[in-house]
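Input: a single structure, listed below in structure tokens.
The values are calculated or read from the model by the stated rules, or taken from the named source; none is laboratory data. From a predicted model like this one, the values you see are computed outputs, not experimental measurements. Ideal geometry is used to build each Cβ from the backbone, glycine not excepted, and the neighbour counts take in all protein chains shown.
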Amino acid sequence: MKSIAILGSTGSIGTQTLEVVREQKDIEVTAVAAGSNIELLERQIREFKPGIAAVWEEEKARQLRGKVRDCPVKVYSGMDGLLAAATAKEAETVVAAVVGMIGIRPVMAAIKAGKDIALANKETLVAAGHLIMPLVKEKGVSLLPVDSEHSAIFQSLNGEQRESLEKVILTASGGPFRTWTKAQMETIQPEDALKHPNWKMGSKITIDSATMVNKGLEVMEAKWLFDVELEQIQVLVHPQSVIHSMVQYQDGAVIAQLGVPDMKLPIQYALYYPHRRPMSAKRLDFGMLGQMTFEAPDFERFYGLQLAFEAAKAGGSMPAVYNAANEAAVQKFLNGSLAFLQIPEVISMSMEAHTVIKNPGLEQVMETEAAVREWIESRW
Ligand code: NDP
Ligand code: MG
């Protein structure tokens, strides 16, 4: 039996992780954590019998304790709850699937406790990769990508020598507004942006895909995961999302991983690496597919992607500013107080207003996030 803890068990990645657990039958779930969805959390506790459950809101945690009185589970709340789930004694692997920078502390605590990490929560690596990667090395744990592009790169690196890598090619669907003009994009409403052509995901990452900020975050995620220079990362729009990403070697050979868009594959691969397990998902049908197309990203209409390269180049605390500003702007777009095209504008202005801190510690990263959020709150 393998044992795992899932941070964000009620979300899109969390529930698909549990589908893998159901199908494979040899994974034990020792801890689950969520924000506020206690109805689903209760069902998960009854089905998977974790010893620890965490709910962000204390009042919800109290209600959950009442609901699961008959189960042998301890219910915690707040950051203490996330930390308890992340360091649950029995878990070998922590699936980091909360959304946003809230994942930084629990992921670092899990690594310190010697856990392997299956990482979906890219915001954590973007904002604190300089703290997380050395810690992974120091503790000798594995940090395995769940993000489909990074899983594809990881799979394409199997058996090759790292010195021969020339570049990584991150594919992007381009999102629902790939072919829209700037004028059309002025009118985008949350319900338009919440419709992703190829993937069904949580609302924050769906908006990030529509602005292509998601690809920007993934550029920084790739930089940390694969220890490559910014200049070695190319973003390529591929609307069919069949090639999940590629690696180019110094002899010109390109190796890619392809498949139907289904997050269960990268989740399962991260949980069982280096083994492949059977999976009952749909198979790629090249005859039906007909063709695959590619185009360069439009950095002008999708300015948020351009800004990611700038944030990565500035380094230090700037990626945390990029990420925090995006998190705040997406929230405001979803609640109707910001227009779609203002999202990159808010990120850009937040970056301009910031003086880079070189090599910031954890507290400085968290302070930077709070300061950016406050600055945005006072302006929009
Ligand atoms: P969802 O919004 O679907 O799920 C987020 C999860 O985090 C939920 O379980 C939510 O609980 C929980 N959560 C939110 N806030 C807190 C908190 N303060 N404390 C504890 N738990 C909290 O997001 P996704 O599953 O789509 O995405 C999760 C991460 O994975 C993101 O970083 C995303 O970028 C990344 N990712 C997602 C992909 C996808 O296909 N969905 C693909 C690649 C990466 P509750 O339900 O109670 O709100
Ligand atoms: Mg991705």
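Of all the residues that make up segment 329-339, how many are more than 21 Å from the chain's Cα centre (by Cα) and touching a residue at least 40 places away in the same chain (Cβ under 8 Å)?
4
Conditions (1) surrounded by fewer than 24 Cβ atoms within 10 Å (Cβ to Cβ); (2) closer than 26 Å to Met263 by Cβ; (3) in contact with a His (Cβ under 8 Å, 6 or more places away or on another chain); (4) charged (D, E, K, R), marked per residue:
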position: Glu47; (1), (2), (3), (4): yes, yes, no, yes
position: Val55; (1), (2), (3), (4): no, yes, no, no
position: Lys60; (1), (2), (3), (4): yes, no, no, yes
position: Arg65; (1), (2), (3), (4): yes, no, no, yes
position: Val68; (1), (2), (3), (4): yes, no, no, no
position: Lys74; (1), (2), (3), (4): yes, no, no, yes
position: Met79; (1), (2), (3), (4): yes, no, no, no
position: Asn121; (1), (2), (3), (4): no, yes, no, no
position: Ile132; (1), (2), (3), (4): yes, yes, no, no
Q: Considering every residue within segment 257-278, establish whether at least one is in a strand (DSSP E or B), at pLDDT 95 or above and either within 16 Å of ligand 1 (Cβ to nearest atom) or under 28 Å from Gln16 (Cβ atoms) (or both).
A: yes
Q | Residue match in segment 104-124 (condition: in contact with an Asp or Glu (Cβ under 6 Å, 6 or more places away or on another chain), within 16 Å of ligand 2 (Cβ to nearest atom), at pLDDT 95 or above and not in a loop (DSSP other than H, G, I, E, B)) | A | yes
Q.
Going by what's in this entry, would Ala127 be described as within 17 Å of Leu305 (Cα to Cα), assigned to a helix (DSSP H, G or I) and away from ligand 2 (no atom under 16 Å from the Cβ)?
A. yes
Q | Given (1) assigned to a strand (DSSP E or B); (2) away from ligand 1 (no atom under 11 Å from the Cβ); (3) free of Cβ contacts under 8 Å to residues at least 60 places away in the same chain, index of the condition Thr30 fails | A | (3)
Q) Just one of the numbered conditions (1) touching a residue at least 12 places away in the same chain (Cβ under 8 Å); (2) within 12 Å of ligand 1 (Cβ to nearest atom); (3) in contact with a Lys or Arg (Cβ under 9 Å, 6 or more places away or on another chain); (4) not in a strand (DSSP E or B) is not true of Glu19; which one? A) (2)
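Kindly evaluate Met263 against the criterion of being touching a residue at least 60 places away in the same chain (Cβ under 8 Å), farther than 24 Å from Gly216 by Cβ, surrounded by 14 or more Cβ atoms within 10 Å (Cβ to Cβ) and among the hydrophobic types (A, V, I, L, M, F, W, C).
Against the criterion (touching a residue at least 60 places away in the same chain (Cβ under 8 Å), farther than 24 Å from Gly216 by Cβ, surrounded by 14 or more Cβ atoms within 10 Å (Cβ to Cβ) and among the hydrophobic types (A, V, I, L, M, F, W, C)), Met263 does not qualify.
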Q: Taking only segment 48-94 into account, find how many residues are free of Cβ contacts under 8 Å to residues at least 12 places away in the same chain and either under 22 Å from Lys25 (Cβ atoms) or among the small types (Gly, Ala, Ser) (or both).
A: 1
Q.
Here are the criteria: (1) within 16 Å of ligand 1 (Cβ to nearest atom); (2) under 30 Å from Ala109 (Cβ atoms); (3) touching a helix residue (DSSP H, G or I) at 6+ places or on another chain (Cβ under 7 Å). Tell me which single one Pro176 does not satisfy.
A. (2)
**Q.** Residues that are surrounded by fewer than 23 Cβ atoms within 10 Å (Cβ to Cβ), within 16 Å of ligand 1 (Cβ to nearest atom) and touching a residue at least 60 places away in the same chain (Cβ under 8 Å), drawn from segment 184-213
**A.** Pro190, Asn198, Trp199, Lys200, Met201, Gly202, Ser203, Lys204
Q. For Ile13, which of the numbered conditions (1) in contact (Cβ under 8 Å) with a residue 60 or more places away in the chain; (2) more than 16 Å from ligand 2 (Cβ to nearest atom); (3) hydrophobic (A, V, I, L, M, F, W, C) fails to hold?
A. (2)
Q: Among the candidates Lys167, Lys195, single out the residue that is farther than 29 Å from Gly252 by Cβ, more than 13 Å from ligand 2 (Cβ to nearest atom) and not small (Gly, Ala, Ser).
A: Lys195
Q.
Can you tell me which residue is surrounded by the fewest Cβ atoms within 10 Å (Cβ to Cβ) among those in segment 95-118 that are without any contact (Cβ under 8 Å) to a residue 40 or more places away in the chain and farther than 17 Å from Met79 by Cα?
A. Gly114
Q. Out of the residues in segment 172-211 that are basic (Lys, Arg) and assigned to a loop (DSSP other than H, G, I, E, B), which is farthest from Val242 (Cα to Cα)?
A. Lys195
